[in-house]
Amino acid sequence: MNLLFRLTYKGTRYGGFQVQPNAPTVCAAFQDALQAVIGARPDVKGCSRTDAGVHALDFALNLRYDGPIPPRRLVLAVNAHLPPDIRVKSIRPVPDDFHARYAAHAKTYCYRIRNSGIDDPFDLDTCWRIAGPLDADAMQAAADRLVGRHDFLAFCAAGSGPAAHGDTVRTITRCEVRRQGEVITITVTADGYLYNMVRILAGTLAEAGRGKLGPDDIDEILNSRDRRRAGPTLPAKGLFLVRVDYPDQALAMPDAGQ
């Protein structure tokens, strides 16, 4: 059967999700745990690569499985062999043609900023600290200009594949800035993302919070298609994959009689 796994992980110790030869990765740790349980190492289809240091609250992957352990028991079995900073939350059967990356119709990320002159040791590796005052209302006014279908080349790391091929149009349906005490959270939902897009968006909105950019500047940055006009790329440690959304029909299993 084709199984959809939902994972949560803290990415601090890992070189991202995708297996690579020179760094520990979330995928390799997951495959190690699965192999310890079922004696096999199935090919894994992840919903995203995620960069080194990025975290996930709801990462989706799928794989082919024909082992004897029922999916409901497989959650505890795999978790028993995973490191403590990675956990399987749920497993469910999905149609044979389901692919965690290509079936997704939206993904939500958030970026967390601690707006303080002092680090908090309890979120040191899950927030980026900015000492100077940030105006969250000004950040939201700038964020509103990012909602909609735009060419986000200015918010894409130079030299990335989509930038080279001109595939840089994406649709943002939500871009929200909220302050809770010293922590400002930027939440973005879109149909797709360019390389480092959310981290550049966060850096640009932080510039708006400092008073260096206004809403009209966001329009000019988008229209310029020039990476140099946007703000800095903030570090990976403040970025979280929050949720991956799939249409109901992508998850619906065929009737047993069919």
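Backbone geometry of the stretch 184-192 corresponds, through the Karplus equation with coefficients 6.51, -1.76 and 1.60 at θ = phi - 60°, to 3J(HN,Hα) couplings of 9, 10, 9, 10, 10, 10, 8, 7, x Hz, x marking Gly and Pro.
Straight-line cross-link reach from K107 at under 28 Å between alpha-carbon atoms covers these lysines, not counting any fewer than eight positions away in the same chain: K10, K45, K89, K237. Inter-part distance, the stretch 102-149 to the stretch 190-214, computed on C-alpha centroids, equals 8 Å.
Less than 5 angstrom separates the built amide H of R210 from those of D135, all sequence-distant by 5 or more or on a different chain.
Let me check I have the definition right: for the chain, take the eigenvalues of the Cα gyration tensor, multiply each by 5, take square roots. What are those semi-axes in whole Å, largest first?
Numbers: eigenvalues 245, 90, 49 Å².
So the equivalent ellipsoid measures 35, 21, 16 Å along its semi-axes.
Packing, as the average of other Cβ atoms within 10 Å across residues, places the peptides 89-100, 147-158 in the order 147-158, 89-100, highest first.
Placing unit charges on each Cβ (+1 for Lys and Arg, -1 for Asp and Glu) gives the stretch 65-176 a dipole about its Cα centre, and among G67, N79, Y109 the Cα reaching farthest toward its positive end belongs to G67.
Between V183 and N115, the built amide H atoms are under 5 Å apart, and every one of these is 5 or more places off in sequence or on another chain.
In this structure, the amide hydrogen of F152, modeled 1.01 Å from its nitrogen in the peptide plane, lies closer than 5 angstrom to those of V169, R170, counting only residues at least 5 positions away or on a different chain. Our helix-only sum for the chain, with -39,500 (n - 2.57) per DSSP H run of n ≥ 4 divided by its residues, gives a mean residue ellipticity at 222 nm of -7000 deg cm²/dmol.
Tell me, what % of the accessible area of the stretch 151-234 is carbon and sulfur with a 1.4 angstrom probe? Walk me through the intermediate numbers first.
Numbers: 1660 of 3760 Å².
That fraction is 44 percent.
Can you classify the stretch 122-175 as rounded, prolate or oblate using the Cα gyration tensor, where a ≥ b ≥ c are the square roots of its eigenvalues, rounded means a/c under 1.5, and otherwise it's prolate if a/b beats b/c and oblate if not? In terms of gyration-tensor shape, oblate. Projecting the Cα atoms of A52, L194, H150 onto the charge dipole of the chain, computed from C-beta unit charges around the Cα centre, puts A52 farthest toward the positive end.
Using unit Cβ charges (K, R positive; D, E negative) and no other charged atoms, how large, in debye to the nearest 20, is the dipole of the stretch 1-137 about its Cα centre? Walk me through the numbers before you get to the answer.
Working: 17 positive and 14 negative charges, 88 e Å.
It works out to roughly 420 debye.
Would you kindly calculate the translational diffusion coefficient of the stretch 201-258, applying Stokes-Einstein with the Kirkwood radius from alpha carbon pairs, for 10 °C and a viscosity of 1.306 mPa s, and quote it in µm² s⁻¹ without decimals?
On the way: Rh = 14.8 Å.
Answer, rounded: 107 µm²/s.
Going highest first, how would you order 134-143, 222-231 by mean Cβ packing within 10 Å?
Result, highest mean first: 134-143, 222-231.
The values are calculated or read from the model by the stated rules, or taken from the named source; none is laboratory data. This one's a predicted model, so the numbers in the text were calculated from it and none came from an experiment. Positions of Cβ are generated from backbone atoms using ideal geometry, with glycine treated the same way; all protein chains shown enter the neighbour counts. Just the protein is used for accessible areas: all its heavy atoms, side chains included, with ligands, DNA and RNA removed. Shrake-Rupley method; radii C 1.70, N 1.55, O 1.52, S 1.80 Å.
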